[in-house]
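The values are calculated or read from the model by the stated rules, or taken from the named source; none is laboratory data. Worth saying up front: this structure is predicted, and the values here are computed from it rather than measured. When we count neighbours, we look across all protein chains shown, and the Cβ atoms used for this are built from the backbone with ideal geometry, even at glycine. The protein model used for the area step is the full one, side chains on, heavy atoms only, and it has no ligands, DNA or RNA in it. Shrake-Rupley method; radii C 1.70, N 1.55, O 1.52, S 1.80 Å.
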Amino acid sequence: MIFSVLISSLSKRTRNTVKLTSAPSKISIIFSNDLFIRIGTYSNRHYWLVDSVKIYCIEGNRIKLHFLKDAVRLEYESRQEQLVLANHMLDTFKCSVVTLSFYNGMMTEEAWEFMKMIKQRRLSICSLGYHIDSESTEFIPRVLDECTEVTDTIYIKTIFPEDFFYTPPRPFKAKELRLWRTTNWFKLENSLSCHEVSIELGRSSNRTAQDYNSFLTIWMDSDAPLQKLTYHSIQEPEYRTIMNALGNQGTKRVIDVYWTEVTRRDKSEFFINACFCNAYSICIYKKQAYLEMLRKDEERALAKNLANNLRVRELQ
């Protein structure tokens, strides 16, 4: 197992050789009550399939590790031991990209400190999952400031205090932004730099018709990167408010029971997919994203038909 070999007591010469010959492009680090580190992108498929358990002395700390396929898990002993192991793995593997996930069990201040450490190492965070509920707002803005540097995906599923609002110091770099649970803290205009955004509204949403009208006009009048915006878990009054705001943008044409096309005065178009399943959801596509979706749907349909035809021939 690659982790077991690397964590063993290596000579300095051997350790340098390992750094040069074992260079995964990405490491995933997940903090909760346990610490989970995996080569490549995070997956919970093998989270509990332990191959072996061994005890190592790492930087003077006696640490009991559970080894999995291409992964290692440290069951909760202390946050200090988790940080020692995480730093050890980053020293051992010569990767340039990291994915991070923080869950309840870790403090917001600790998450911020670890993100700063990643930045000091000049590593890139390509994906960040943040799931820490906090009643204190002292360190939340600092974590979110670091989030603006994440390159691919930001997933925030947490409860922030009701009076918390955030303004980023710079546009988000991430291509995809997903916000769940409490989201009133997030100003819609701050999503324009992302390619795809998903926001849960829910019962606590306090956005007004003016908020939606203003944002949609700013978005549709711009050449911002945002191509697809999804609102989830919408209550019926707010659903009507959003649909009215979308209708105010131009002339609507119903495509089918789920899809509507809106043509604006400047002849630009966008497309709305609205449906109900336990709660309302609305997906808004700019034309480029809509055409790309149709192309992928067509490719999947062709692949499915081809697979079905091959099965029929095999049975003949």
Report summary line: Log entry, pairs with first residue in the range 212-226 being over 20 Å from A174 (Cα atoms) and hydroxyl-bearing (S, T, Y), second being at pLDDT 95 or above and in a helix (DSSP H, G or I), beta carbons closer than 7 Å, six or more apart or on different chains, reads Y212/T241; Y212/I242; Y212/A245
Query raised in the report: Just for the range 69-120: of the residues that are open to solvent by less than 10 Å² (accessible area, probe 1.4 Å) and in a loop (DSSP other than H, G, I, E, B), which one is farthest from S28 (Cα to Cα)?
Result: M106
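Yes or no: V197 modelled with pLDDT of 95 or more, more than 28 Å from V262 (Cα to Cα) and of a type in the set (A, V, I, L, M)? Walk me through how you get there before you give the answer.
Values: modelled with pLDDT of 95 or more: yes; more than 28 Å from V262 (Cα to Cα): no; of a type in the set (A, V, I, L, M): yes.
So V197 fails the test.
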Query - Evaluation of C126 against (1) on the phi > 0 side of the Ramachandran plot; (2) outside any loop (DSSP other than H, G, I, E, B) (one fails), failing number - result: (1)
Query raised in the report: Does the range 282-293 hold any residues that are touching a residue at least 24 places away in the same chain (Cβ under 8 Å) and either open to solvent by less than 40 Å² (accessible area, probe 1.4 Å) or of a type in the set (F, W, Y) (or both), and which are they?
Result: I282, C283, I284, Y285, K286, A289
Query raised in the report: Any residue at all in the range 141-160 that is among the basic types (K, R), part of a helix (DSSP H, G or I) and surrounded by fewer than 17 Cβ atoms within 10 Å (Cβ to Cβ)?
Result: yes
Query raised in the report: Can you find even one residue in the range 104-113 that is in contact (Cβ under 8 Å) with a residue 40 or more places away in the chain and among the aromatic types (F, W, Y)?
Result: no
Query - The listed residue being modelled with pLDDT under 90, acidic (D, E) and under 24 Å from N206 (Cβ atoms), out of E77, E135 - result: E135
Query raised in the report: For T230, which of the numbered conditions (1) at pLDDT 95 or above; (2) touching a strand residue (DSSP E or B) at 6+ places or on another chain (Cβ under 7 Å); (3) crowded, with 17+ Cβ neighbours inside 10 Å fails to hold?
Result: (3)
Requested in this report: Name the single residue, out of those in the range 50-65 being at pLDDT 70 or above and not in a strand (DSSP E or B), that is surrounded by the most Cβ atoms within 10 Å (Cβ to Cβ).
Outcome: E59
Report summary line: Across the range 15-49, the tally of residues that are at pLDDT below 60 and among the β-branched types (V, I, T) stands at 3
Query raised in the report: Quick one: H195 ticks every box in (1) open to solvent by less than 50 Å² (accessible area, probe 1.4 Å); (2) within 30 Å of V97 (Cβ to Cβ) bar one, so which box is it?
Result: (1)
Report summary line: Within the range 152-166, residues being among the β-branched types (V, I, T) and modelled with pLDDT under 95 number 2
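Listed residues K267, K296, K252; which is open to solvent by 60 Å² or more (accessible area, probe 1.4 Å) and on the phi > 0 side of the Ramachandran plot? Can you show your working first?
On the way: K296 fails: on the phi > 0 side of the Ramachandran plot; K252 fails: on the phi > 0 side of the Ramachandran plot.
Result: K267 is the single residue among K267, K296, K252 that is open to solvent by 60 Å² or more (accessible area, probe 1.4 Å) and on the phi > 0 side of the Ramachandran plot.
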